[in-house]
Amino acid sequence: MIDASLRELAGALAAKRLSSVELTQLFLERIERLNPSLNAFITTDPEKSLALARAADARLARGEGGPLTGIPLAHKDLFCTAGWLTTCGSRMLSNFVSPYDATVVKRLGEAGMVTLGKTNMDEFAMGSSNETSFYGPVKNPWRPEAVPGGSSGGSAAAVAARLAPAATGTDTGGSIRQPAALCGLTGLKPTYGIVSRHGMVAFASSLDQAGPMAKSAEDCAWLLNAMAGFDARDSTSLERPAEDYTREIAARGGDKPLDGLKIGLPREYFGEGLAADVARAVEAAIAEFRRLGARTVEVPLPNMGLSVPAYYVIAPAEASSNLSRFDGVRYGHRAAEYADLIDMYRKSRAEGFGAEVKRRILIGTYALSHGYHVAYYLQAQRIRRLIAADFAEAFTSCDLIMGPTSPRVACDIGDMAGDLIQMYLSDIYTIGVNLAGLPGLSLPCGFGERGLPVGLQIIGNHFDEARMLNAAHRYQLATDWHRRSPQP
Amino acid sequence: MSLDLDQVRRIADLARIALAEGEAERVRDELNGVFALIGRMQAVDAAGVEPMAHGQDLAQRLREDRVTEADRHADFQKIAPETEAGLYLVPKVIE
């Protein structure tokens, strides 16, 4: 049952072969047993989870359940959850219990899903390895010495270790796709604006987007159906008709199910810096897509190398503004001793934030300060348009773009600690997607060094999630990488 | 470009973050490393390119000016470090 898809779980619940309480207990027991070594969850509350499960069972008994009713899931600790701690991986919010639910939490709750707990993450989602969490690093279930990726590393580790059937994540520069790749999962960062940001602790508001992390593309499609939709409480939420993201998956396949699909391969994704083990697995996956009927064409993304520099202006600039709300006045950490109001701000923030968060606030503060705004912030925004234009041009000659999600498999905890720049550059393949507001998906496509999973990235044009999910689904029908799970 | 210690202290002051003894040196070195990375984009002549603030180039949505939320004053103040009579307490600013 722990390896079951959401479709199989829904079937078992509908046929009364299993109750939501039994299913929830199964995962709570696994969390109790395995989380002490993995550190994937920051908060669990079995009584609350079981109360939600009982409510779901009652709803199913009345015949009022939907496809997700009674299925447990974990939330990244960046989503506000009324009655549960929401720490965002930070000491600053170590005492924060939100008075309201994030829209994503509310929507999945209304669908009848059962919250198992809140997952560990890089502090304020700033990191690619989960090592910046105030609550300690998360272990990769495939290799306990290795990082799970970040920032949604706790969500990734929880699903990979089968502590939860699925989880929510957020992606500002790769924070869903990269940990999905490093833990052998399927994760989707949707088009900017289709999932509400209301109740997500803000990092970089023009880039942040929530999405599902699960074992398969089909599971992600089911979750996205419940997560996406217009929300008046998010000023950048898009008003679009509701979509069924499973519609292409549900269609019949045949032996060339992707016949006619044009896949763009950017040369920039296969050059210097890409590890040989990752390249091998990704190229084999692309060959499989050709067998499924797709054609491949080369597409140029000439400004991709500028995406990391531009991101490290734009994201910190937005973060320095967003995180100014943490001042020890309305919620969160307040220093015990201070001389006056300004001193209270300075000490509360110095104590509440970890090193990486402070670093990014300082980068952003400088980039926005008088005299530097044009050279840094405006230049980065111009580069952002060049990058978006490259993608737009590429999509005139292909339907989807494919390449690696991360240049390497997971490194070991501590390996990158001394090399900040190397760490930042490891997000080279994912960041451009956020800058352009495009949807991106990572799915497992094999294993590399030390038996660690490799992720294939699929990038779509705006609003092309159904096509991306279908391409990933057809690949998953023909392969079994997504069914592999770490021991035990 | 390269940041000096005075600039680092000024930025920290603007960001309202106290730096511990000796922390400014480490932060200066780290920021200089990051700005060397960021500096790669200065080589690009992007004059005439319209800055892009947002992935979708959206205009801010407007809504009707009416009350949509219930008063949850007490719920929101319950999580504050210090309140009194419905107000947030901070150190005295005016003597």
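The values are calculated or read from the model by the stated rules, or taken from the named source; none is laboratory data. Nothing here was measured: the structure is a model prediction, and the numbers come from that model. Positions of Cβ are backbone-derived with ideal geometry, glycine not excepted, and every protein chain shown enters the neighbour counts.
Is segment A:234-242 home to any residue that is over 22 Å from residue A:78 (Cα atoms), within 14 Å of another protein chain (Cβ to nearest Cβ), assigned to a loop (DSSP other than H, G, I, E, B) and more than 13 Å from the chain's Cα centre (by Cα)? Break it down stepwise before answering.
Let us first name the residues in segment A:234-242 that are over 22 Å from residue A:78 (Cα atoms), namely A:239-242.
The next check asks that each one be within 14 Å of another protein chain (Cβ to nearest Cβ); those that pass are A:239-240.
Checking the rest, the ones that are also assigned to a loop (DSSP other than H, G, I, E, B) come to A:239-240.
Those left that are additionally more than 13 Å from the chain's Cα centre (by Cα): A:239-240.
Among the residues of segment A:234-242, at least one is over 22 Å from residue A:78 (Cα atoms), within 14 Å of another protein chain (Cβ to nearest Cβ), assigned to a loop (DSSP other than H, G, I, E, B) and more than 13 Å from the chain's Cα centre (by Cα), which makes the answer yes.
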* All positions within segment B:52-63 that are more than 8 Å from every other protein chain (Cβ to nearest Cβ) and either closer than 23 Å to residue A:439 by Cβ or at pLDDT 90 or above (or both) -> B:57, B:59
* Residue list for segment A:452-478, restricted to those being surrounded by 24 or more Cβ atoms within 10 Å (Cβ to Cβ) and either under 24 Å from residue A:237 (Cα atoms) or within 18 Å of the chain's Cα centre (by Cα) (or both) -> A:453, A:454, A:455, A:456, A:457, A:458, A:459, A:460, A:465, A:468, A:469, A:472
* To do: Return yes or no: is residue A:345 more than 22 Å from residue A:200 (Cα to Cα) and at the interface with another protein chain (Cβ under 7 Å from one of its Cβ atoms)?
  => yes
* Qualifying residues in segment A:431-451 (those that are away from every other protein chain (no Cβ under 14 Å) and buried (at least 24 other Cβ atoms within 10 Å of the Cβ)) - the one farthest from the chain's Cα centre (by Cα) -> A:445
* Structure fact -> For segment B:20-51, the count of residues that are over 18 Å from residue A:319 (Cβ atoms) and among the aliphatic types (A, V, I, L, M) equals 9
* Structure fact -> Exactly one of A:305, A:293, A:332, A:328 is surrounded by 15 or more Cβ atoms within 10 Å (Cβ to Cβ), facing chain B (nearest Cβ under 9 Å) and within 30 Å of residue A:398 (Cβ to Cβ), and that residue is A:305
* Structure fact -> Within segment B:1-28, the residues that are over 21 Å from residue A:424 (Cβ atoms), among the aliphatic types (A, V, I, L, M) and more than 8 Å from chain A (Cβ to nearest Cβ) are B:5, B:24
* **Filter result for residue A:274 (more than 14 Å from every other protein chain (Cβ to nearest Cβ) and hydrophobic (A, V, I, L, M, F, W, C))** => yes
* Structure fact -> Screening A:350, A:375 for residues that are within 9 Å of chain B (Cβ to nearest Cβ), closer than 12 Å to residue A:92 by Cα and surrounded by fewer than 21 Cβ atoms within 10 Å (Cβ to Cβ) leaves only A:350
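For every residue, the table says whether it meets (1) at pLDDT 95 or above; (2) closer than 30 Å to residue A:14 by Cβ; (3) among the hydrophobic types (A, V, I, L, M, F, W, C).
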residue: A:113; (1), (2), (3): yes, yes, yes
residue: A:122; (1), (2), (3): yes, no, no
residue: A:138; (1), (2), (3): yes, no, yes
residue: A:153; (1), (2), (3): yes, no, no
residue: A:160; (1), (2), (3): yes, yes, yes
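Give the residue, chosen from B:27, B:34, that is of a type in the set (Val, Ile, Thr) and farther than 30 Å from residue A:439 by Cα.
Values: B:34 fails: farther than 30 Å from residue A:439 by Cα.
Result: B:27 is the single residue among B:27, B:34 that is of a type in the set (Val, Ile, Thr) and farther than 30 Å from residue A:439 by Cα.
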* Structure fact -> Of A:290, A:280, the only residue that is at pLDDT 95 or above, in a helix (DSSP H, G or I), out of contact with any Ser or Thr (no Cβ under 8 Å at 6 or more places or on another chain) and among the basic types (Lys, Arg) is A:280
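Being facing chain A (nearest Cβ under 8 Å), surrounded by 14 or more Cβ atoms within 10 Å (Cβ to Cβ) and in contact (Cβ under 8 Å) with a residue 12 or more places away in the chain: is that true of residue B:31 here?
On the way: facing chain A (nearest Cβ under 8 Å): yes; surrounded by 14 or more Cβ atoms within 10 Å (Cβ to Cβ): yes; in contact (Cβ under 8 Å) with a residue 12 or more places away in the chain: yes.
Yes.
For segment A:312-325, how many residues are free of Cβ contacts under 8 Å to residues at least 40 places away in the same chain and at the interface with chain B (Cβ under 8 Å from one of its Cβ atoms)? Write out each step before concluding.
Pass one, segment A:312-325, residues free of Cβ contacts under 8 Å to residues at least 40 places away in the same chain: A:324-325.
Subset that is at the interface with chain B (Cβ under 8 Å from one of its Cβ atoms): A:324.
Residues in segment A:312-325 being free of Cβ contacts under 8 Å to residues at least 40 places away in the same chain and at the interface with chain B (Cβ under 8 Å from one of its Cβ atoms): 1 in total.
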* Within the group A:333, A:373, which residue is modelled with pLDDT under 95 and over 22 Å from the mean Cα position of the chain (by Cα)? -> A:373
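If only one of B:48, B:39 is in contact (Cβ under 8 Å) with a residue 24 or more places away in the chain, closer than 27 Å to residue A:372 by Cβ, more than 7 Å from chain A (Cβ to nearest Cβ) and surrounded by fewer than 16 Cβ atoms within 10 Å (Cβ to Cβ), which one is it? Outline the logic, then answer.
Working: B:48 fails: in contact (Cβ under 8 Å) with a residue 24 or more places away in the chain.
One residue alone meets the criteria, B:39.
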* Positions within segment A:156-192 being in a helix (DSSP H, G or I) and aliphatic (A, V, I, L, M), in sequence order -> A:156, A:157, A:158, A:159, A:160, A:180, A:181, A:182
* Is it true that residue A:430 is among the hydroxyl-bearing types (Ser, Thr, Tyr) and more than 13 Å from residue A:187 (Cβ to Cβ)? -> no
* All positions within segment A:349-387 that are among the small types (Gly, Ala, Ser) and within 15 Å of residue B:13 (Cβ to Cβ) -> A:350, A:364, A:369
